[in-house]
Structure formats: C-alpha cells, structure tokens
Amino acid sequence: MNEGVAPACVHHVVQLELGIGDLLCSLYGLNGFSLALDRPPIALYLRDHFGWMQLIDIPGLQVMPAAHHPPPAGSLQLGDTESDYREKLRGGHDPKQWYARKLGVEPVKPPLNLRLFTVPPDLPGPYVVLAPFATRINRTWEAHNWRLVARDLTAAGFNVIALDAPGQPERCKVLGVDYFWGQAPAWVANVCRHAALIISGDSGLAHVGGLLGTPTLVLQAQQIPEAYYSMTSNAFIVPRQPCVGCRFQPDRGYEEKCDWGCWALQSIGPREVTAHALRLLGGPRRACPEGCPA
C-alpha cells in the first residue's frame, strides 16, 4: 500500500463513509476486486481514518486523501451518501457483501501487513483488551458493567486494559484499569493483535479484532451479528429481548428513547460476559476470591 499521486492507468475507488468498521469491511470487497482483476493499480479515496490502512497489504493499492485529491469523474463508489448507509442498515445487509457487490465481486479477506506486528507491545500478559465505548450511546454498554467485568477478569489472573478513541480522555477512569486513549492506529492494532481477547461493543475495534484474527467477544443488540461480522471468528453475546435485531428501524421496535441507551443491550449481565470471556480464554489463571463466573 502506498500513499501519493495515482498513476495514469488505475482504477479509482471512493469510500467516503466515516466509520472505521465500514472502512475495514469495504476492504474485503476491495481485495476481491484486486484479485479479480489480477492486482491492478487501485487508488482508494478516503475522507478519514488513513492510519487504519496500515493494517492491510493489498499490492498496488494507493491511498488518496479525498480533500487534497478529488476523485475523477467515473470513479467507483463504495460508500458516501446517508441514504446509502440507511439502506444498508434497514436491509440488514452483510457489509462485506454490500461493498463487494458495488464492485461486482465476492469479498475476500485482505492480507495483513505482518510487519506491523513483529514486535509485541510492552504490556504484561496475558492481557485482555476492553473497548467499552462506541460512537453512539445507543451502542454502548454501561460503564459500571465494564468495571465489573474488568474486576472479575483481573481476579482471574488476567491483565486488563481499556482502549478509547481521541476526545474524551477521562471516561475510561471509571473502569479501574490501565487505559490508553487517542493512540495511533498502528499501535492500537499491534496491541489488539497480541491480546488474549478483545471484548467490545458494536464498534470499530470489534471489526479490527475480526480482521486481525484475535479472539473477540462482541456485545450486540441492534444488528444481526452473523451477518454484520461475517468472515471473522468473532463470538457474540446477544440479549434475549423482543426488539433485538431492530437495525435502528422504528417499525422493528426502535424508539426515540433508544437514542439515549439500548435497554436490551443493558439487560446483558456483567457476570454473563465474564463467564463467556473466561471460556474463550481457556478458563481462569488462578482461583477467583469470590468464585469465577461460570
């Protein structure tokens, strides 16, 4: 992958959606497109999240900042408009298939840039990564629940850390563990690659874990997890509530009050999450003083 001016003979592809998860899902389609055309030069125009492109290694791919290099007329469109995004949500579409179909191909998992992960991060292990915050409140499990999960996993002998995006450096304090916020994508990806487990809500790091192949447990309520996280080995906890799978659609149970918090998501208990996490981790490393959730 390179960054710079696109050569003359090149396929121009535009991906202007803002989410990290959407970007990473679209890369499966982009790699399928590259393979179908025998690795042609591709210029990918992005609005944001350039640093996350370091995770993959698609030969001949060049990343173009759309603000400085406007895509030429006739460029292939992966994602842009709000109506396009809403259609994808409403139909419950597999996002990897969604983007691949726009390019007329099947999605193929992109190769990782393994050079990025050769040196493990300087963190005591085995460690578990918590990704407790999503871009929207309606996808976020309450911080107190995350604190209880962190406490129990620490008692079970694991080092627990939390990761957060730039902008709100104080909100991870409530978890009671070491936390890192606003770090470079390459550093975050390396931490996630070497983690024993990632526990995340419906957020970008859930997609990062799936792409990297790190064991990842996702707390999911609104989407259909098997479709939304296809082509990964992610595990899921889905609440048993009638509105689950609403895809943010009013005719499927989503209400205005849900904008301020998903009650179905909050019905997931912290001991249920800890018990599932310990199964994925192969069990506790030491006896829990108050008994490990099972």
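The values are calculated or read from the model by the stated rules, or taken from the named source; none is laboratory data. No experiment lies behind these values; they were computed from the predicted model shown. So basically every Cβ, Gly included, is an ideal-geometry build from the backbone, and we count neighbours across all protein chains shown.
Counting only helices (runs of 4 or more DSSP H) wholly contained in the range 58-174, the ones carrying 1 or more residues that are surrounded by 21 or more Cβ atoms within 10 Å (Cβ to Cβ) occupy 95-102, 143-155.
Scanning the range 259-280 for residues that are touching a Phe, Trp or Tyr at 6+ places or on another chain (Cβ under 9 Å) and closer than 17 Å to residue 92 by Cβ returns a single hit, 262. Taking the conditions (1) of a type outside the set (Gly, Ala, Ser); (2) at pLDDT below 90; (3) surrounded by 18 or more Cβ atoms within 10 Å (Cβ to Cβ); (4) closer than 22 Å to residue 227 by Cα in turn, residue 293 satisfies each one other than (4).
Can you find a residue that is farther than 18 Å from residue 209 by Cα, touching a strand residue (DSSP E or B) at 6+ places or on another chain (Cβ under 8 Å) and among the charged types (D, E, K, R) anywhere in the range 119-126? Checked against the condition, which is being farther than 18 Å from residue 209 by Cα, touching a strand residue (DSSP E or B) at 6+ places or on another chain (Cβ under 8 Å) and among the charged types (D, E, K, R), the range 119-126 yields no hits at all. Residues being under 20 Å from residue 211 (Cα atoms) and modelled with pLDDT of 85 or more are entirely absent from the range 64-81. Just one of the listed residues (265, 278) is within 22 Å of the chain's Cα centre (by Cα), modelled with pLDDT under 95 and either hydroxyl-bearing (Ser, Thr, Tyr) or within 19 Å of residue 217 (Cα to Cα) (or both), namely 265. Checked across the range 278-286, the condition of being surrounded by fewer than 17 Cβ atoms within 10 Å (Cβ to Cβ), in contact (Cβ under 8 Å) with a residue 12 or more places away in the chain and more than 29 Å from residue 211 (Cβ to Cβ) holds for at least one residue.
Checking each residue in the range 238-275 for being touching a strand residue (DSSP E or B) at 6+ places or on another chain (Cβ under 8 Å), assigned to a helix (DSSP H, G or I) and surrounded by 19 or more Cβ atoms within 10 Å (Cβ to Cβ) picks out 265, 273. Just one of the numbered conditions (1) among the small types (Gly, Ala, Ser); (2) over 21 Å from residue 265 (Cα atoms); (3) in contact with a Gly (Cβ under 7 Å, 6 or more places away or on another chain) is not true of residue 157: (3).
Filtering the range 1-28 to residues that are of a type in the set (Gly, Ala, Ser) and either over 16 Å from the mean Cα position of the chain (by Cα) or at pLDDT below 90 (or both) leaves 4, 6, 8, 19.
The residues in the range 211-223 that are modelled with pLDDT of 95 or more and in contact with a strand residue (DSSP E or B) (Cβ under 6 Å, 6 or more places away or on another chain) can be counted, and the count is 6.
Of all residues in the range 27-49, exactly one satisfies the criterion of being over 18 Å from residue 10 (Cβ atoms) and either not assigned by TED's automatic domain parsing to the domain that holds residue 107 or not in a loop (DSSP other than H, G, I, E, B) (or both), namely 28.
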